[in-house]
Amino acid sequence: MTQPRTYRAVGLTLRKRLAGEADVIATMLTREHGKLDVLARGARRLTSKLMGHFEPLTLLRVAVARGRALDVISEAEVITAFQSVKTGYQTTARALYVAELVDGFSAESNANPALFDLTLQTLNAIAEQPMSDLPLRHFDLRLLDLSGFLPELYCCIDCGAELEPERHRYAAGAGGTLCPDCAPPDTLIRPLSLPALKVLRLLHRTAQPAGLPSLNIPAAVQNEVHSALSATLQYWLDRPVQSQRFLDATKSA
Ligand SMILES: [Zn+2]
């Protein structure tokens, strides 16, 4: 069956790069078709009706024509530019962190509507709770889950035994929690406190960031949760998360 020559989608721009004299190639996460690179011809011309539409973190309704190398935007309408997250450094840094990870974990042309919805819900949560890191940690864990990399949080990933309270450790590269008796080779094992494990389980049980309880989690526990998730993300990405440095810089500023 031949594919139609044009298609429509709702997509979020994750990043853009410049091409030719006035073109833009945008990487978008679409609900219908997964991650796509699309060419927006003339989008850098002041006179173009596409001008400014492909800034990162813009939600668009697009019509796209299939092209030989890249698909080409024929129409684009901005649904929201998420101005509420772009007004401050910290919220912008948080939103760019989300965009980088979604980009890193999404496969080209592989639709994952739940991941698309999670991404928009997380951007809204960042706007609503600009000083909280909890929506990002929820995002980290749900992203891993929706990408097929959810770390084990209840049993030992080596022997399968159910974890007993206070008798567990965490190994990002091995896939999650370990009992004290197991030590798979070539694995970096770190301690994980019971409160941190409980926060991870809570994040996993919470379907949407809007459903996150307003918890007062001690900074040390938050750091532990962040460190375990960030090691897991880095393991699967096979590189550090670039925007984390920007995010850290906004916090110490
Ligand atoms: Zn074990």
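Read the figures in this text as sums done on the coordinates, not as results from a lab. The structure presented is a predicted model; accordingly, all values stated were derived computationally and were not measured. Ideal geometry is used to build each Cβ from the backbone, glycine not excepted, and the neighbour counts take in all protein chains shown.
Points to keep in mind about this one:
- Acute angle (nearest 10 degrees) that the helix 194-205 long axis makes with the longest principal axis of the chain, alpha-carbon atoms: 40
- Inter-label distance for Glu166 and Ala114, nm, one decimal - labels placed 7 Å from Cα along Cα-to-Cβ: 3.6
- Whole-Å distance, taken between Cα centres, linking the stretch 165-194 and the stretch 23-53: 44
- Compared with the dominant principal axis of the Cα atoms in the chain, helix 89-105 is inclined by about 90°.
- Debye, to nearest 20: dipole size of the stretch 6-81, +1 on Lys, Arg Cβ, -1 on Asp, Glu Cβ: 60
- Degrees, to the nearest 10: 113-128 long Cα axis against longest axis of the chain: 80
- Assuming charge only on the beta carbon of Lys and Arg (+1) and of Asp and Glu (-1), the dipole of the chain about its Cα centre is about 940 debye to the nearest 20.
- Modelled spin-label separation between Ala22 and Ser193, with each label point placed 7 Å from Cα along the Cα-to-Cβ direction: 5.9 nm.
- Subset of Lys49/Lys86; Lys49/Lys251; Lys35/Lys198; Lys86/Lys198 violating a 30 Å alpha-carbon distance limit: Lys49/Lys251; Lys35/Lys198; Lys86/Lys198
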